[in-house]
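Okay, structure first, notes after.
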Amino acid sequence: MSKKTTQLVHLGRVSGDAANAVNPPLVRASTTTFPSLAEFKNSYKGVTFETPRYGRSGTSTVFELQTAMAALCETESCIATSSGLGAVAAVIGAHAAPGNRILIQDCVYGPTRVLAEKELDKLGSEVVFFDTLDALESHLDERTALVFIEVPGSLTMDMIDVEAVCKLAKHYSVPVACDSSWGTPLFFDAHGLGINISIHAATKYIGGHSDIMLGLITGSYDDLSSTRDWCAHYGSTAAPDVCWLGLRGLRTLDVRMRRHEENARHVAQWLQGQPQIKKILNPALDDDPGHELWKRQFTGGAGPFTIELVACSEEEFAKLIDSLSLFGLGTSWGGFESLVMPAIAHHLRALDVLPNEGRLLRLHIGLEHSEDLCADIGKALAHISATRPMQN
Ligand SMILES: *Cc1c(COP(=O)(O)O)cnc(C)c1O
């Protein structure tokens with residue numbers, strides 16, 4: 001098979017041929033009609049979301065994206081959903097049942113955590129959060145229906161040994177789901193590392209232009225079977241227009257990701273020399289505690305990472321954020337533009353932090369020139385008076 005760079009250009013273009021077009025046509029439908037009863041009966045092949053039947057089961061535009069994504073992730077199938085969180089909810093919801101247990105990594109995306117905390121007990125499922133491999137092992141048992149991880153973890157950027165997680169879970173025949181949004185299929189081969197169900201918030205890098213909401217779930221037919229049923233029964237679908245934009249995003253994913261990576265490394269390394277920065281949480285950096293695992297599991301680094309500031313007042317913190325001009329203040333990432341978002345350390349970790357300490361900023365490094373980004377942050381950091389003690 002050709003390299004992913006080439007696949008991104010050529011996958012998902014089959015239906016364009018009929019129209020002599022480079023791109024597949026955008027097919028919108030609620031109603032799909034059939035020329036005969038025999039063809040109507042024949043239209044359901046036993047797998048929802050792969051053949052036209054009714055608008056909710058998708059159109060050729062949706063199938064093109066799903067097929068392209070499955071091939072890119074070197075697995076059998078893909079299900080598109082209305083958002084990344086919709087994909088997370090489908091996977092977790094499909095595995096929850098009275099009396100069973102779902103194990104979720106501590107550092108997952110905030111709304112994933114909220115979903116687990118607020119909804120799972122209504123389904124009779126027990127949720128247990130874990131942080132380390134030892135903790136995971138101690139919680140795994142015959143009642144466990146799913147292990148859910150995210151690498152790197154949102155905001156704290158924790159790394160976990162994915163192969164070790166999969167090995168532990170396999171011992172109990174428990175499937176492992178992974179939120180793979182940060183690495184994208186280009187930099188993170190989830191299924192190659194043993195993940196059964198991989199979740200991609202395509203809203204982020206696959207869409208890439210800050211203008212769509214889309215989730216994609218990849219895995220084998222067997223591994224996606226309960227999730228597919230859940231999506232069919234609960235009416236979870238993705239719009240053809242959005243899938244068409246998702247396909248368009250795939251075409252430039254490679255070049256965008258490489259520029260995000262280069263820019264993020266440049267900005268992070270520059271930040272390391274600034275006295276107002278206490279710590280940088282980014283496993284792509286050599287001295288990050290997660291770096292060895294990152295090197296083993298990823299072939300590139302993405303744009304979002306987190307910085308911890310030296311002690312500063314809320315006023316200084318606000319001035320810093322408000323004086324940035326190239327970084328929009330927003331809670332997403334994955335588009336072409338740079339973003340900044342405040343995160344409160346003691347909301348994320350059960351640490352005793354002193355007042356005014358441990359303020360975190362999550363940056364998304366966009367496609368601007370990295371020297372302009374450094375200059376913009378440099379100007380903003382000047383609002384923080386604190387200086388780091390001399391290191392020797
Ligand atoms: C944004 C995000 C999601 C949710 O995606 P939406 O499309 O915004 O619902 C899930 N996981 C991670 C890691 C994310 O960053």
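The values are calculated or read from the model by the stated rules, or taken from the named source; none is laboratory data. This structure is a prediction, so every number in the text was calculated from the model and none was measured. Positions of Cβ are generated from backbone atoms using ideal geometry, with glycine treated the same way; all protein chains shown enter the neighbour counts. Note: accessible area is taken over every heavy atom of the protein model, side chains too, but ligands, DNA and RNA are not part of it. Shrake-Rupley method; radii C 1.70, N 1.55, O 1.52, S 1.80 Å.
Among what's in the stretch 119-140 and is part of a helix (DSSP H, G or I) and of a type in the set (Gly, Ala, Ser), pick the residue that is nearest to residue 163 (Cα to Cα). Result: 135. Evaluate the following for residue 373: is it closer than 13 Å to residue 263 by Cβ, in contact with a helix residue (DSSP H, G or I) (Cβ under 6 Å, 6 or more places away or on another chain) and at pLDDT 90 or above? Spelling it out, residue 373 is indeed closer than 13 Å to residue 263 by Cβ, in contact with a helix residue (DSSP H, G or I) (Cβ under 6 Å, 6 or more places away or on another chain) and at pLDDT 90 or above. Here the condition is being part of a loop (DSSP other than H, G, I, E, B), of a type in the set (Val, Ile, Thr), within 12 Å of the ligand (Cβ to nearest atom) and not assigned by TED's automatic domain parsing to the domain that holds residue 260; of 217, 199, 206, 195, it holds for 206 alone. Entry remark, the stretch 241-287: residues being buried (at least 17 other Cβ atoms within 10 Å of the Cβ) and under 18 Å from the mean Cα position of the chain (by Cα) number 18 in total. Where residues in the stretch 40-85 are in a helix (DSSP H, G or I) and among the aromatic types (Phe, Trp, Tyr), which of them is farthest from the ligand (Cβ to nearest atom)? For the stretch 40-85, the residue satisfying everything is 40. Looking only at the stretch 73-123, count every residue that is closer than 18 Å to residue 62 by Cα, open to solvent by less than 30 Å² (accessible area, probe 1.4 Å) and of a type in the set (S, T, N, Q) and tell me the total. Summing the residues that are closer than 18 Å to residue 62 by Cα, open to solvent by less than 30 Å² (accessible area, probe 1.4 Å) and of a type in the set (S, T, N, Q) in the stretch 73-123 gives 3. Of everything in the stretch 220-257 that's touching a residue at least 24 places away in the same chain (Cβ under 8 Å) and of a type in the set (S, T, N, Q), which residue is nearest to the ligand (Cβ to nearest atom)? The qualifying residue nearest to the ligand (Cβ to nearest atom) is 236. Report the residue count in the stretch 160-185 for those that are outside any strand (DSSP E or B) and touching a strand residue (DSSP E or B) at 6+ places or on another chain (Cβ under 9 Å). Number of matching residues: 16. Only residues that are buried (at least 17 other Cβ atoms within 10 Å of the Cβ), among the aliphatic types (A, V, I, L, M) and touching a helix residue (DSSP H, G or I) at 6+ places or on another chain (Cβ under 9 Å) were counted in the stretch 288-322, giving 5. Here residue 156 clears all of (1) at pLDDT 95 or above; (2) more than 21 Å from residue 220 (Cα to Cα); (3) among the polar types (S, T, N, Q) except the condition numbered (1). All conditions but one from (1) modelled with pLDDT under 95; (2) open to solvent by less than 40 Å² (accessible area, probe 1.4 Å); (3) over 26 Å from the mean Cα position of the chain (by Cα) apply to residue 391; the one that does not is (2). Return yes or no: is residue 227 more than 30 Å from residue 316 (Cβ to Cβ) and in a loop (DSSP other than H, G, I, E, B)? Here the answer is no, as residue 227 does not meet what is asked. Across the stretch 177-187, the qualifying residues are those that are away from the ligand (no atom under 12 Å from the Cβ) and of a type in the set (A, V, I, L, M, F, W, C), and the one among them that is most open to solvent (accessible area, probe 1.4 Å) is 186. Looking across 93, 124, one residue alone is of a type in the set (Gly, Ala, Ser), more than 16 Å from the ligand (Cβ to nearest atom) and assigned by TED's automatic domain parsing to the domain that holds residue 168. It is 124.
Name every residue in the stretch 340-370 that is modelled with pLDDT of 80 or more and assigned to a strand (DSSP E or B), in order of residue number. 340, 341, 342, 343, 359, 360, 361, 362, 363, 364 - these are the residues of the stretch 340-370 that are modelled with pLDDT of 80 or more and assigned to a strand (DSSP E or B). Filtered by the rule that a residue be out of contact with any Asp or Glu (no Cβ under 9 Å at 6 or more places or on another chain), among the hydroxyl-bearing types (Ser, Thr, Tyr), open to solvent by 10 Å² or more (accessible area, probe 1.4 Å) and within 30 Å of residue 366 (Cβ to Cβ), the stretch 197-240 gives a lone residue, 203.
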